[in-house]
1. Taking 0.36 nm per residue of separation and subtracting the Cα-Cα distance, what length does fully extending Tyr514 through Leu195 add?
2. In the P(r) worked out for the chain, what percent of Cα pairs fall beyond 33 Å?
3. Where only protein heavy atoms count, and the probe is 1.4 Å, what is the accessible area per residue for the chain in Å²?
4. Please list, by residue number, every one of the trypsin sites (Lys or Arg not before Pro) in segment 447-553 that is coil in DSSP and has at most 13 other beta-carbon atoms within 10 Å.
5. What is the calculated FRET efficiency for Asp602 to Tyr127, with r their C-beta to C-beta distance and R₀ = 25 Å, to the nearest 0.05?
6. Kindly rank 350-360, 606-616 from highest to lowest mean number of other beta carbons found within 10 Å of each residue.
7. Suppose each label sits 7 Å from its Cα in the direction of the beta carbon; what would the Tyr95-Val57 distance come out to in nanometres?
8. Quote the FRET efficiency, to the nearest 0.05, computed for Ala213 versus Tyr484 with a Förster distance R0 of 30 Å and r equal to the Cβ-Cβ distance.
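The values are calculated or read from the model by the stated rules, or taken from the named source; none is laboratory data. No experiment lies behind these values; they were computed from the predicted model shown. Because the Cβ atoms are built from the backbone with ideal geometry, glycine has one as well, and the counts that use them run over all protein chains shown. What goes into the accessible areas is simple: the full protein's heavy atoms, side chains included, and nothing from ligands, DNA or RNA. Shrake-Rupley method; radii C 1.70, N 1.55, O 1.52, S 1.80 Å.
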Amino acid sequence: MKYKLNLITLALLAPASFMATAGGYGLAEANTENVKFDKWVCKGCTVETGTTGSIGVGVGYNSEEDIKSANAFKSDNEFAGKLDADINYKGDKGYRASIEATDLGMDNGRADINVGKQGTYNINLNYRSIATYKSNDALTPYQGIGGNDLTLPDNWVTAGSSSQMPMLYSSLNPFELSLQRERAGLGFEYQTESLFTTFVNYQREEKSGIKQASGSFFNQSMMLAEPVDYTTDTLEAGIKLKGDNWFTSLNYNGSSFKNGNSQLSYDNAFNPTFGAQTRGYMSLDPDNEAHTVSLMGQFNDSVTAVSGRLMVGKMSQDQDFVTSGYGYQLPADSLDASVDLTGMNLKAVTRINRELRLNGSYDYSDRKNNTQVEEWTQISINETNGQVAYNTPYDHTSHRVKVGADYRINYGMKLDAGYEFKRDERSYQDREVTDDTNLWARFRVNSFEKWDMWVKGSFSHRDGSDYEASEWTSKEQNQLLRKYYLADRDRSQIEARVSYTPIDELTVDFGARYALDDYKNTEIGLTESEDTSYDANLSYMFSADVMFNAFYNHQVIKSAQSGSSNFATATWQADIEDNIDVMGAGLSYNNLMDSRLRLGLDYTYSDSDSTTQVRQGITGDYGDYFAKIHNVNLYAQYQATEKMGLRLDYKIEKYLDNDAANDIAPDAIWNVVGFGSNSHDYTAHMIMLSMSYKL
């Protein structure tokens, strides 16, 4: 059958063409001789092409004296520059390109570049830098900081205690404890018009800096500056297949870690006693590899969704041992460590009817250590010196089952509940099997016009196999000691949240949580932990141009612990209380100066403190710890022209902490040479001027 084709018949045939083709009524059968294709113009279907977005640059001045402020200001330089970009390109044949950059050039910046053709391929280049700063006032008498060979000055005089070292204070030099990471990656994804998609991503991360370590000779120790020179290469590749209601993929993930330093050598600052050496050596993080292959799949229809994943992998480490300074024969040249990984998970969700939905999942993971067990000669400060010890090949298997249900009682009222079970099997542990069960329920009401609220309660219980120490764990351990992550425990928890919108301009949100952990069968160790927290959030629009928001969070964690000073029943108790307060507020004023100017102020404050009291006949205060941080950001944003905008930021951070562990003089402990005080008390300022241009 022949018939004329026009716009109307085309519109009708388009969705039915696949069915009609089977009966000989496809579009190929249509008579298109008299159709005027040049008249088919869809003015509303025009796809805009070209380049859009914005690019910006900024320069700032940083008054920091304590380098820790660089964690907030994203730069440890006195003058810092940055580049921001959000650029998109669209071609007329589906070609796409985008550039996104945030704080590029700062210590914590990132960039992403994507180039490709929509629905066909995409090439991605990415970069990120991450820096963390601890202190620039650490003190050490060692020379060669940043390298793997630390030496004392030529005129160094050893002594039996740190306080008796005559050259200690005159030899101290400050150095920086900080870590910098740079990560760069290249990725490619290819799609076909069929079901097939493939991808490959490569990433390299280089980590450098100095971190804190310690070296010892019998019972005498020195704090050391350990060099960090890590390189990690990661490769991901996979194949994806996708249908109308199903999806599957086969993926590979591999990583290779390399350390530029295999060992750290250092001089002995103390008198060599009991046969100790004048030089010490310690091995650093060894080179290693990890490889996994996983198969994923998902199926869903209008009623049920099922997904699953199978994973197998291997981790290995075969770097040669560091033997410098070790006077015993080794049973092997390297550990030749090998760990096999196996994992599986299944998830399913189904809707029984409009009111009821059921869900369930099962997760399995197994870690099997295949490393050969060898005999090793110990070097120790006690009577076990020279005796044989064995490396322990720890295995771990975990099973987790979850089932749950969502039930809509009526409009605006919903009840959901669930049950969870987890079994952990560990080899060569004080407790080889632990079982955790958890039962929870939540009730939600949002049927009221201005209210949305829910409350959730749960109870969990942990027990397991007999608890006993073994020769693989510690023969010197108190038989009454229970490690908190293996001990019997009952946990009760309740939490609730209420959101209220009395008027369109105002929203108030409040939440609270309480949890109690009872380690009822523990005599030595953690016996109880109580966690209470609540938070409040407020958002208010004074007008269409003025917006205010504020938040407050408070948390208290109380812990009780029992210990023994005679290797028997409990002789002392400790009460630890941690308090954390975080609050903040923000105010913005828009559309000033003929809608060209925006002013804003953001403020946050956090205060954390910890106190420990020990009772053994009398009560003593172990010492307080606190950290207080004020952050202020005052900004003005001005649209100078239709395309160019200016922004001025003024930031302040006021930081104060008191940590006894970080406030110790280099010779405060007789058998330790320390880094000195690393507490912080500063007020830092930063001002930054930015300019953006709209393309």
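1. Working: separation 319, 0.36 × 319 = 114.84 nm, distance 4.94 nm.
That works out to 109.9 nm of additional length.
2. Working: 169877 of 241165 pairs.
So the portion of pairs separated by more than 33 Å is 70 percent.
3. Details: 40180 Å² over 695 residues.
With the other protein chains kept in place, the chain gives 58 Å² per residue.
4. On the way: sites: Lys450, Lys456, Arg462, Lys475, Arg482, Lys483, Arg489, Arg491, Arg497, Arg513, Lys520; in loops: Lys450, Lys475, Arg482, Lys483, Lys520.
Those that pass, being in a loop and sparsely packed, are Lys450, Lys475, Lys520.
5. Numbers: r = 28 Å, r/R0 = 1.11.
FRET efficiency, Asp602 to Tyr127: 0.35.
6. On the way: 350-360: 13.1, 606-616: 15.2.
So the order, starting with the most tightly packed, is 606-616, 350-360.
7. For the pair Tyr95/Val57, the computed spacing is 2.8 nm.
8. Values: r = 27 Å, r/R0 = 0.90.
Given R0 = 30 Å and the Cβ-Cβ separation, E is 0.65.
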